[in-house]
Each structure stands twice: as C-alpha cells, then as structure tokens.
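J.: Handing you a structure now.
Each value in this text was obtained by applying a stated rule to the coordinates, not by laboratory testing. Everything quoted here is computed from the prediction, not taken from an experiment. Neighbour counts run over all protein chains shown; Cβ positions are idealised from the backbone, glycine included.
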Amino acid sequence: MKDGPKNFRELLARGGLIVAPSVYDGYSARLVEKAGFEMAATTGAGISNSLLGIDDIGVMGLSENVDHCRMLARTLSIPLTADADTGYGNALNAQAAARAFERAGVAAFHLEDQTFPKKCGHYDDKGVVPAAEMVQKLKAVRDALHDGNEPAWMAATTRPNLFLHEEWAIAISGDAVATAVQRATFKTGPRYHLERTITIKGAPVIEIYKRD
C-alpha cells in the first residue's frame, strides 16, 4: 500500500485503540481486510511457520521476511505493520533492514532488543542486548528513514519492557531504558516527558511518555 505510512499516522492521530490482527499470507491478509479491520500486522512467527515450516528461532532471514511483507503490503489496501525481528544484527544491519522494509511498502515496523539470532517471545531463555547497544540501533534506524512518507518505527523490548514510537513511549515496570532512549536516541531530536504513571497497589507499573 503506497500511502500506508500516511494512513497509519492518521489512525494514530485520531486516537483510540487500533486493532490490527496478525497476518502471515495472502489469505489471512484478505480475510482481515474483508472483516473490516483498518490495519493489519505481520507476525514473524506466523511467517516463519507458514513459509518455512520452522519455529520462530531466528532461521528466517531479512530477505525472506521483507519479500513476504512486500507481497502482503501489495495485497492490502489498509496499512500493514511488519515484524522486523532484531533488525538482523547490529546497528548497521538494522539500518539496512529499515530501508528494506521502507521499500517493501509497510506502514510501520518494530524492532526487538533480543540478541541475534532471536527467539519467539513465547520461548524461555531469551537474551537481550545492552541498553546502549539498542539505543545505537534505534538511532541508526531513525537516521536511515528520511523520506516524507517513510514508515513509522517502533521498538519493543523483552527486558526491561519499553515500547517506543515517534510520538510517545511506554515503559513497563519503569526502567532506565526509557531515560536512556530519551537522552541518547533523541540527543539532537525530539525529547520525551513523563505524562502519566499507572500504578497497581501503589507500585508504578506503566509509564507513558509524550514527545515534547
């Protein structure tokens, strides 16, 4: 979908919850759109399972993932987000992956902070890269995307939990990563401030940051 990034940002600006069912092939993508959903999301595990017949244990490569996402984005007239795994390596690899997903026509993609090769989030014994390394990866991705209609990018972390978007960030079980991202990733760009804290039994559980 050519205007996927633009349409995704319009959905975000509208506010409210966006339900984006996971898709992994042409049939599932068409069913999601036919059912009336405004957005769809690829599942890395689903693509690895259906395309390769292999568990989501880091076997699927960048080219296989991007090629499949390109087909799905072309199939749909609603925005599609992509599961970009870890960016397939270090900061330079993640930068190349970002450009590949941009060319594939996805509306957005997300990156994980797992070590490479990664495992499906449902598995035990996952490893994560140091926060500073993830910050450098996010900075490289930000620098890679410069087109006015570039896909949105998001970062999802396994431990500690942080969800970062261009306009806001959510830190689960508040952690220094949120501060690190605010300080380092956006050193020369936007800044975030803590807007709301959600507590359970008096303990902070979720911190919601808003871009200044």
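J.: Using amide H atoms built in the peptide plane, which far-off residues or other-chain residues are under 5 Å from Ser22 H to H?
T.: Distant-sequence amide H within range of Ser22: Ala41.
J.: In whole angstrom, note down how far apart the Cα centers of segment 101-119 and segment 68-91 are.
T.: The two parts, judged by their Cα centres, are 7 Å apart.
J.: Oh, and also: Sort Ile78, Ile47 so the one with the fewest other Cβ atoms within 10 Å of its own Cβ comes first.
T.: Final ranking by Cβ density, sparse to dense: Ile78, Ile47.
J.: Let me ask another. Taking amide H atoms as placed 1.01 Å from N in the peptide plane, list the residues 5 or more away in sequence, or in a different chain, whose amide H sits under 5 Å from that of Thr86.
T.: Amide H neighbours of Thr86, under 5 Å, 5+ apart: Glu112.
J.: If you don't mind, there's one more thing I want to ask. Place +1 on the Cβ of every Lys and Arg and -1 on the Cβ of every Asp and Glu in segment 4-159, take the dipole about the Cα centre, and give the residue among Met60, Gly121, Leu138 whose Cα lies farthest towards its positive end.
T.: Leu138
J.: If N is the number of residues in segment 4-159, what value comes out of its Cα radius of gyration divided by 2.2 N^0.38 Å?
T.: After normalising by residue count via 2.2 N^0.38 Å, the value is 0.99.
J.: Determine the alpha carbon to alpha carbon distance for each of Lys6/Lys126; Lys6/Lys139; Lys6/Lys137 and list only those over 27 Å.
T.: Lys6/Lys126
J.: Gain in length, Lys2 to Ala132, computed as 0.36 nm per residue apart minus the alpha-carbon separation, to one decimal in nm?
T.: 43.4 nm
J.: If you consider only alpha-carbon coordinates, what radius of gyration and Dmax does segment 1-52 have, in Å?
T.: Every Cα atom of segment 1-52 included, Rg and Dmax give 12.2, 38 Å.
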